[in-house]
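Q: Got a structure for you, written out below as structure tokens; questions coming shortly.
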């Protein structure tokens, strides 16, 4: 093999490697999908009415514990639970929701969102919350 052929083949190989290295980030960018949900896990000892974490609150429902999204349905502010009055209140615009997440008053027109939850084999409650 001549030196010229060796250099030609090495340059061709380097060109293919460089093309692959440049194509990888482009393909990742083109195929990127945003995360649409996240899993919030409540261990068995944390599963009490009015337990909350990471924007999810567990409340008593007709069928046991129900998971509520703690974002106000008006403009997505995080609601807080007022223990004295027993309601969820939006600190931004004054929407008020009852203990089960139903809208009482305010600029919001919808109830707090109920989130799907599943029991894992170890007894934990896994709630699928929006990202």
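The values are calculated or read from the model by the stated rules, or taken from the named source; none is laboratory data. Quantities reported herein were computed from a predicted structural model and do not represent experimental measurements. Note that we place each Cβ from the backbone using ideal geometry, even for glycine, and neighbour counts take in every protein chain shown.
Q: Given the condition within 22 Å of the chain's Cα centre (by Cα) and within 25 Å of residue 34 (Cα to Cα), answer yes or no: does some residue in region 91-102 qualify?
A: no
Q: If you don't mind, there's one more thing I want to ask. Test residue 4 against the criterion of being within 30 Å of the chain's Cα centre (by Cα), exposed (fewer than 10 other Cβ atoms within 10 Å of the Cβ) and either in contact (Cβ under 8 Å) with a residue 40 or more places away in the chain or not assigned by TED's automatic domain parsing to the domain that holds residue 121 (or both), and give yes or no. Talk me through it step by step, then tell me what you get.
A: On the way: within 30 Å of the chain's Cα centre (by Cα): no; exposed (fewer than 10 other Cβ atoms within 10 Å of the Cβ): yes; either in contact (Cβ under 8 Å) with a residue 40 or more places away in the chain or not assigned by TED's automatic domain parsing to the domain that holds residue 121 (or both): yes.
Criteria not met by residue 4.
Q: Please count how many residues of region 55-71 are surrounded by 13 or more Cβ atoms within 10 Å (Cβ to Cβ) and either modelled with pLDDT under 85 or within 15 Å of the chain's Cα centre (by Cα) (or both).
A: Selection size over region 55-71: 11.
Q: Could you please tell me which pairs satisfy a Cβ distance under 9 Å, a separation of 6+ or placement on different chains, a first residue in region 58-77 that is more than 17 Å from residue 110 (Cβ to Cβ), and a second residue that is loosely packed, with under 14 Cβ neighbours inside 10 Å?
A: Partner pairs satisfying both residue conditions: 58/46; 58/48; 58/49; 58/50; 60/49; 60/50; 65/48; 65/49.
Q: Considering only residues that are under 15 Å from the mean Cα position of the chain (by Cα) and part of a strand (DSSP E or B), which ones fall in region 118-131? Lay out the reasoning, then the answer.
A: Within region 118-131, the first condition is being under 15 Å from the mean Cα position of the chain (by Cα), and the residues that meet it are 126-131.
Within region 118-131, 126, 127, 128, 129, 130 qualify.
Q: Inspect all residues belonging to region 104-117 and state whether any of them is without any contact (Cβ under 8 Å) to a residue 24 or more places away in the chain and not in a strand (DSSP E or B). If you could, list the steps in order and put the result at the bottom.
A: Here is the first cut: in region 104-117, the ones without any contact (Cβ under 8 Å) to a residue 24 or more places away in the chain are 104-105.
Next, from what is left, pick out any that are not in a strand (DSSP E or B): none.
Within region 104-117, not a single residue is without any contact (Cβ under 8 Å) to a residue 24 or more places away in the chain and not in a strand (DSSP E or B).
Q: When you scan region 79-90, how many residues do you find that are closer than 24 Å to residue 124 by Cβ and loosely packed, with under 14 Cβ neighbours inside 10 Å? Full working, then the answer.
A: At the first step, the residues of region 79-90 found to be closer than 24 Å to residue 124 by Cβ are 81.
Filter again for loosely packed, with under 14 Cβ neighbours inside 10 Å, leaving none.
Looking only at that region, the number is 0.
Q: Here's a check for you: in region 35-53, which residue that is part of a loop (DSSP other than H, G, I, E, B) and farther than 18 Å from residue 82 by Cα is modelled with the highest pLDDT?
A: Filtering region 35-53 down to residues part of a loop (DSSP other than H, G, I, E, B) leaves 35-36, 43, 47-50.
From the residues that got through so far, the ones that are farther than 18 Å from residue 82 by Cα too are 35-36, 43, 47.
Numbers: 35: 73, 36: 82, 43: 87, 47: 78.
Only one residue fits best here, namely 43.
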